[in-house]
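In what follows, a single structure is set out as C-alpha cells and then discussed.
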Amino acid sequence: MEESKSIDMQKEEKIVEEEKTIELHTIKKEKLQFQRFTRLNRVLHILMIVSFISLALTGMTLKFSYTGWAVFLSHLFGGFESAGYIHRFFAVVMVSVFLTHLFDLFKMKMREKKTWKGLIFSKDSIMFNRNDVKDIIGTLKWFLGMGERPQYDRWTYWEKFDYFAVFWGIFVIGSTGLTLWFPETMTSILPGWFINVATIIHSDEALLATGFIFTIHFFNTHLRPEKFPMDIVIFSGRTSLEEYKIDRPAEYKKLVESGELEKYLVEPYPTIVIRAIKVFGWIALSLGFSIIVWIIYAMIFAYR
Amino acid sequence: MNYRCCYKIIRKTIFSSFPKLLLFIFLILNGNSAVQAQSNDDCLMCHSDNTLTGKKNGKTISVFVNSKELKTSVHSDVQCVDCHVDLAGSDFPHKKNVAPAQCGSCHGNSQTDYSEGIHGKRIAKGDPLAPRCQTCHGSHDIKNVKDPQSAVAPIKIPFLCGSCHREGAPVQVQRKIPENHILENYSESLHGVALLQKGLAVAPNCASCHSPHKILPPTDAQSTIARQNIAKTCTKCHAEIEIVHRKIIQGKLWEKTPHVLPVCIDCHPPHKIQKVLYEQSVANQDCLNCHGRTNLKSADGRSMFVDVVRLQNSIHSQVSCSQCHNTVNPSLLRPCTGITSKVDCSICHAQEGEQYSESIHGQLFAKKDSNAPTCVECHGSHYVLANTNPVSPTFHTNIPTLCAKCHRDGEPAAVRYTGTEHDIIHNYVESIHGKGLLKSGLTVTATCTDCHTAHRELPHSDPTSSVNRNNIASTCGRCHYGIEKQLENSVHSPLITKTDKKLPVCNDCHTAHKISRTDAAGFRLEIMQICGNCHQKYAESYFDTYHGQVSRLGYAKTAKCWDCHGAHDILPVENPASHLSFQNKVQTCKKCHEGATRQFAGYFTHATHHEPVKYPIMFWTFWGMTGLLVGTFFIAGVHTLLWLPRSIQYRKELKKKLSNEDEDLE
C-alpha cells in the first residue's frame, strides 16, 4: 500500500546495512531484491484478505440464502447467529486494519513533518495526480496498439483505484452495517425504512466489492499473463530488481539517478517462506474464485 | 228338626276342627237349660218381608233375607243363628244392634288368614274402604266357588278385585297401591287373556298370586309376592320353569344391580306378563357342551372352540351366548342349527350399529366389499374387552395399531385409497398426537377415532364427515376449544370474512396426520410455505428480508408469519385488536426486539425493491446500486479485456528482456 520511500529508507536502513554486510561476507553470489512494501503494510493486507473473505462468505449466506451452498456454509459457520458473530468480528478486524493504516499515515506525517496537504499531494503519494491521466491515456493507446507501454511510476492508476475503493467501501458498507448491527439504536435517529435501504446498500455494495476484488483486482495483480499465476510481492514485499526495472521504469530510473536504490535492496526470503506465502495465496485465490462461481450461480442460475 | 240340625252340624264340624267339636258338645250339653235354638223359619217369619228395615250405625238398611237365595246358597243347610251367633236363644223381637255374621266360626283358617292380611288389618284399624268377607263373598247368597255363579268364581275374580283396585276407584286413589292400571294390564296380559278371553279357569287370577285371604303388600316378608317368595308363587303353576329357564335375559339386571339375582317380575312385570317380549333361548352351558372342546372345528376347518375363561373375562361375561347368537332355536334338537347368520351387535348396540351402517366401513360392507371391516375386525368376537382395558385393541393407545391393520401403506385400505394422505400411520406416530399418545402415554391425546369418530368414519368429501372442511374446526375444537373460538373471530373465519375463496381450516396449516409442535423448528419453517399457499406475494417478499433469509437457511429463530400476525387470532391491521394495529405493533416487535420503538416498527417487514409504487425508496436505491455495480464492472471489464491480449504479448517481451539481462549480467 501507500508508503513513502523516505520512510522505508529510514526505517529499514539499518536492516539493509546489516543484510548487505551479511551478503558481502557470506552469500555474495545471492541476488538482492527490491523491497516495495513495509512489514506493517504486508501484515495489514493479509488481515484485510482474511477479514474480507470471511465477511464475504458469512454475509453471502444471507444474500444467497436461497442456494444450497448458503445453507451448507451457514451450518459450517455454526448457524446464522454464529455466522453473524464471525461477520461482526471480522468487520471489527477490517475497520481496525483501516484505522491502523490511517494511524500509520499520521505517524508518517509526523515523521516527515509534512502537512496533510503536503503528504497527500506529494510526488510519491498514492493520490491521483495529473500523471495518472497521462498514464490512462497511454495505457489505452498501448492496449489498442497505438503506442508503447507507459513508464509507470511508483503507483499505477489501477492500484490507486483499488486503494481508494477501500475507503469508499469501508464508509458505505461500514455505516450500513452498523445500522443493521444496531437497528434499535439507529432507528432512534433514522426512520424504520432506513433499515430496508441499508440492507440493499450493504448487500449490493458488498457484492460490488467482492465481485471487483475477485475478478478485476485478481486479474490486475495476479492473473494478467505477465504475473500469472500470482504475484506474491504484497506478501513478501520483495521483487527482483530486473522485474522491478521493467515493471516500474519511471521509479527505477528516479532511484538510480538519486542514488537511493541501494537503500531498498534486501535479501530474498528463504524458499520455505516463499512456499508458505504461495500456499496462503492459493487459498485466498481459490476462495475468491469460489465466491465468484457462487455469485454467478446464485445470481444467474438459482435466482428466484 | 233340632236333632237333624244337630246331626248336620256334627257332620260338618267333624271335618273342620277338634276345638270346634268340643264347643259343639258343650253347646249340646247346655242346650236344654240355657240355649233354645231358633229355626230358620222363625227368623224368616219376619225377614222374608222385603219391606223390613232395620237400623245400623244410625242408617236405615234393608234386613230382608231372600229365602229362595238362601236355600240355593252353599249355606242352605246352615241355621241363621250358626252365623248370627249372638242371636242364638234370644227372644223375639231380638236386640237392635246385631253383630256381624261370624264366618270364622266355621271358616277358622280363612278368618285367620284374612285377619293377618292387609284387608283384615285395615278393618281392625277401622278403614271404611277395607273389604269384609261379604264384600267379596256376598252374604246370604254365597255360592260354591266352583259354581260359575259364585262371586269368587275364577273368571269373576279380576272384576271383583278390580271393583276396588281398578283405576280411579277410591282404594286406588286414596290408598298407597304401588301398581297402576292393574285391571287393564292384567286383562291384556298372558294370564288375563287366557282367563278372560280363552275362558281357561285354571289361568291365574288375582288370588292365585296374592292368595285369597292373606293378601299382603310385596314389602311384607310373608307376602306371596315378596321378592323372595315370588319364584315360589310362580312355580306353583310354572313348576318346571327353572329348568327350562336357564337364560339370562338382556343382561340388563346385572348392570343395574350386579349382585342380585333376578326374580320373575324383574323380567315379567306383574300384571303385564307377556310372552312375546322374550326370545326363546338356550343356556351357555348347553352351547359349551360342544364349543368348550378345543378341537371343535367347522366344516371349513375354522376352530369353533370358545375359551370359557377368556369369555368370562370379557366385557360380555354376563351376556349369554344366545343373546348374540339369537337365532338359536331351543325347540330344535340342535338349537344352534338355527344360527344361519353372523352376530348382529346392533341388537344391543343400536346406536353404534346405526353409525356403522352410515360410515364408509358400513357402506362398503353393505356392498359386500371383502375389505370392509365389521364389528369383530376391531373389537374381536367372543373375548371383547372394554375400551378402558389397556389390553383391548380399542384402548386409546392401541387404536393406531388397530387402524394400521388396514390403513398402513400397502394394506388393503391404503391401497384402495386415492386421496392425498399417504404414510398415514407413520406420519401420525411421528406427529405431536402420536408422540403424546405413544411416547408420553397420554390417553387424552387424540387418536384416530377422536377425529374420525369410532363408528361413523366417512371420507372428508362427505358433508357430514367429522373431517369434512366445514366440520374440521369443531372436530379439533372438541379438545382445542379455546383455539376454535379464537379462529371463529379471526379473519380466517367464514363468520367474519365473506368470500368465495377457500378459507383455511385447521389441517390446511397443521396438516391432517403430520401435526407437529408449533414451536418446533420443522413447523416454524414450514409455516411460510403454508401461509404462502394463499398469500404468495407476502411470503415471497418476506424472504427478501432478514427474517426470511435466515428462515430459508433453515433456522427457526427469526420471526415467522404468526410471530407478528398471530396464529389463530389473525385480524386485519385496521382492527385495533390486531397484533399489527397501530396500537399493538410496537409491542409485537418488542416480543423479540426489546428496544423496539415506534420508528423501529416502521421497518418494512415485507418490503421488496420490485415495487416502485409501494416502496419507491427501496426501488430506486436498488437500481442506483445496480447502476453503480454495472457501471463499475463495465468500465473495469472493458479495461481488463483490452489488457489481456496486450499482456500476453508483453509477457513474451518481458521473458526475452529478463533473459537478455541475465546474459548481460553474466
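Listed values, structure above:
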quantity	calculated
For chain B: rounded, prolate or oblate by the Cα gyration tensor [a/c cutoff 1.5]	prolate
Residue-span extension gain [B:TYR417 to B:VAL173] - 0.36 nm each, minus C-alpha spacing	81.1 nm
Lysines whose Cα lies under 27 Å from that of A:LYS141, excluding same-chain neighbours fewer than 8 positions away	A:LYS123, A:LYS160, A:LYS227, A:LYS245, A:LYS253, A:LYS254, B:LYS652, B:LYS655, B:LYS656, B:LYS657
Two-decimal Rg/Rh across chain A, once Rg and the Kirkwood Rh are taken from alpha-carbon atoms	1.00
Simple spin-label estimate for B:GLN134 and B:LYS657 in nanometres, 7 Å along Cα-Cβ	16.4 nm
As computed over segment A:128-222, the Cα convex hull volume per residue (Å³)	128 Å³
Segment B:614-666 - Kirkwood radius from inverse mean 1/r over Cα pairs (Å)	14.6 Å
Where Cα atoms sit under 28 Å apart: lysine pairs in segment B:342-482 separated by 8 or more or lying on different chains	7
Label-reachable residues, segment B:53-73, where backbone N falls under 20 Å from a point 7 Å from B:CYS46's Cα toward its Cβ	B:53-68, B:70
Distance between modelled label sites at B:ALA299 and A:TYR66, nm, 7 Å Cα→Cβ extension	7.3 nm
For segment B:517-602, alpha-carbon Rg and Dmax in angstrom	12.8, 34
Share of alpha-carbon pairs per 10 Å distance bin for segment B:393-450, given as whole %	26, 52, 21, 1
Helix B:18-31 vs. chain B, principal-axis angle (Cα, 0 to 90°, nearest 10)	30 degrees
Computed [θ] at 222 nm, helices only, for chain A once each DSSP H run of length n ≥ 4 contributes -39500 (n - 2.57)	-22000 deg cm²/dmol
Alpha-carbon spread of the protein assembly as shown, three principal axes, descending order, Å	195, 68, 53
Compactness index (Cα Rg / 2.2 N^0.38 Å), segment B:176-215	1.21
Relative intensity, log₁₀ I(q)/I(0), of segment B:150-246 from a Debye sum that treats every alpha carbon as a point, q = 0.13, 0.21, 0.23, 0.25 Å⁻¹	-0.49, -1.22, -1.37, -1.45
Residue-span extension gain [B:THR597 to B:LYS439] - 0.36 nm each, minus C-alpha spacing	52.4 nm
More than 17 angstrom apart: percent of Cα pairs within segment A:82-157	64 percent
Value of Rg/Rh across segment B:342-482 [Cα atoms, Kirkwood radius]	0.94
Peptide ranges B:76-85, B:340-349 listed from the most packed, as the mean C-beta count within 10 angstrom indicates	B:76-85, B:340-349
Cα pair count fraction exceeding 16 Å, expressed as % - segment B:470-566	60 percent
Taking the convex hull of Cα positions in segment B:126-169, its mean projected area over all directions (nm²)	3.5 nm²
Residue list for segment B:542-560, given a label point 7 angstrom along the Cα-to-Cβ vector of A:HIS75 and an amide N cut-off under 19 Å	B:549-558
Within 10 Å of each Cβ in A:224-235, the average number of Cβ atoms from other chains	3
Other protein chain Cβ atoms within 10 Å, averaged over every residue that makes up A:142-154	2
Förster-model FRET efficiency, 22 Å R0, B:GLU358 and B:HIS480, C-beta, rounded to 0.05	0.30
FRET efficiency estimate (nearest 0.05) - Cβ-Cβ, A:VAL50 to A:SER290, R0 25 angstrom	0.95
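Since every read-out is calculated from the coordinates, none of them should be taken as a lab result. Because the structure is a prediction, the values reported are computed rather than measured. So basically every Cβ, Gly included, is an ideal-geometry build from the backbone, and we count neighbours across all protein chains shown.
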